[in-house]
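For reference, the structure is listed below as structure tokens.
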Amino acid sequence: MKVLGIETSCDETSAAVVADGRILSNVVSSQIDLHRPYGGVVPELASRRHLELIDEVIHAALNESGIALGEIDAIAATYGPGLASSLLIGLNTGKGIALATGKPFIGINHLEAHLYSPVFDGAGMPMISLIVSGGHTILAKVTGIGQHAILGQTVDDAAGEAFDKVAKLLQLSYPGGPEIDRLAKTGNPRAIAFPRSMLNEPGYDFSFSGLKTSVLYFLRKNPTHSVPDICASFQEAAVDVLAGKLLNAAEEYRVKTVSLAGGVSINSRLREKLTGECEKRGLRLLLAPAKLCTDNAGMIATLAHHKLLAGQRSTFSLEVSPSAGLGVAA
């Protein structure tokens with residue numbers, strides 16, 4: 001089965017072709033330079049750029065894969081969550097192509113695609129999985145493709161959002177997360193005792209708003225403190241909470257596999273800490289490839305492949321769902 005996938009949930013325009021579950025092409029056009037002057041994504045600018053690029057990106061994905069549009073068996077597109085105006089471009093383009101070609105169409109939940117991106121071959125089930133990105137921090141137990149239950153999620157800021165906000169406080173360039181990761185490498189992670197919110201509380205929910213506020217108050221009292229030390233100490237606090245909750249859940253549910261996905265999963269300290277802790281505990285750690293961590297159509301088309309084989313389809317009445325949760329099915 002050959003699937004054309006389309007992803008436009010935020011500020012990346014992406015298209016991919018997957019054949020029998022194998023990614024043949026995964027073209028991503030980033031808008032970082034467009035939004036950098038504003039310090040964040042501007043929805044109207046994002047949707048306009050998607051509209052300008054969508055045809056070009058789809059053609060590039062088809063050309064790179066060596067598969068003609070007429071050979072595609074099904075079309076998939078993200079329906080949520082994300083920015084409504086951005087989602088509309090990709091979803092309507094996907095439905096239009098499917099309608100024009102008479103091919104089956106399926107809408108894909110962006111979070112679900114992230115969840116399964118480290119484990120599309122089904123290996124390692126059951127497992128505890130952590131999605132950590134700019135907009136979401138979710139811990140889930142996964143027993144199979146399409147079979148998952150949420151154990152906990154953020155009650156305020158997502159981890160990636162906290163990274164971006166702290167980067168703004170430090171007047172770092174956009175996007176802030178990679179900048180904090182870079183500067184932290186030369187800082188002392190024990191220089192400042194930032195809080196590990198909710199780490200030792202029952203349950204698996206997260207909170208990063210207090211950590212962000214602690215950085216704000218520290219900066220007001222110590223405006224000339226070492227920026228690398230602040231980055232390293234903040235990052236260490238966030239990583240301790242993320243890794244701690246994930247590992248505690250693995251122990252409670254007695255699973256031997258954990259996985260990490262989403263944009264923040266590229267963070268070098270988070271990967272380093274989890275790698276070391278999993279080795280100590282005899283756990284298998286599954287990490288999504290870097291190209292599947294940020295927003296991309298490769299993960300959309302691959303999850304669509306599995307769902308289509310299971311007989312799932314979407315109707316053309318499917319609408320965008322900007323606030324869709326992980327448990328929402330198309």
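Just so it is clear, none of the values below were taken in a lab; they were calculated from the coordinates. Not measured: the values here are computed from a predicted model. Glycine gets a Cβ as well: all are built from the backbone with ideal geometry, and neighbour counts include every protein chain shown.
At-a-glance table
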| read-out | value |
| --- | --- |
| Segment 24-64 pair-distance distribution - Cα-Cα, 10 Å bins, rounded % | 28, 45, 24, 3 |
| Whole-angstrom gap from segment 238-308 to segment 149-211, using each part's C-alpha centre | 17 |
| Per-peptide average of other Cβ atoms within 10 Å, ordering 80-92, 20-32 highest first | 80-92, 20-32 |
| Taking the chain and dividing mean pair separation by its residue count, relative contact order in percent (alpha carbons under 8 Å, at least six apart) | 25 |
| Distance in nm between pseudo-label sites at GLU52 and ALA68 (7 Å out along the Cβ direction from Cα) | 3.2 |
| Rg and Dmax [Cα atoms of segment 1-115; Å; Rg one decimal, Dmax integer] | 13.6, 42 |
| Extension gain (nm, one decimal) between THR224 and ALA310, 0.36 nm per residue minus Cα-Cα | 25.2 nm |
| In nm, spacing of pseudo-spin labels at ALA193 and ILE32 (7 Å Cα→C-beta vector) | 3.6 |
| Computed lengthening from MET125 to SER173, 0.36 nm per intervening residue step minus Cα-Cα distance | 13.4 nm |
| Nearest-0.05 FRET efficiency for ALA290 and GLU44, computed from C-beta distance (R0 51 Å) | 0.95 |
| Surrounding net charge for SER29, when Lys and Arg each add one and Asp and Glu each subtract one, Cβ distance under 9 Å | -1 |
| Separation in nanometres of the label points that stand 7 Å from Cα toward Cβ, at GLU251 and ARG271 | 2.6 |
| For the chain, share of DSSP beta bridges that run antiparallel, in % to the nearest 5 | 60 |
| Dipole in debye (nearest 20) - segment 125-288, about Cα centre, beta carbon charges: Lys, Arg +1; Asp, Glu -1 | 260 |
| Relative contact order of segment 125-288, defined on C-alpha pairs under 8 angstrom at six or more residues apart (%) | 28 |
| Theoretical gain in end-to-end length, SER317 to THR213 [0.36 nm per residue, Cα-Cα removed] | 33.1 nm |
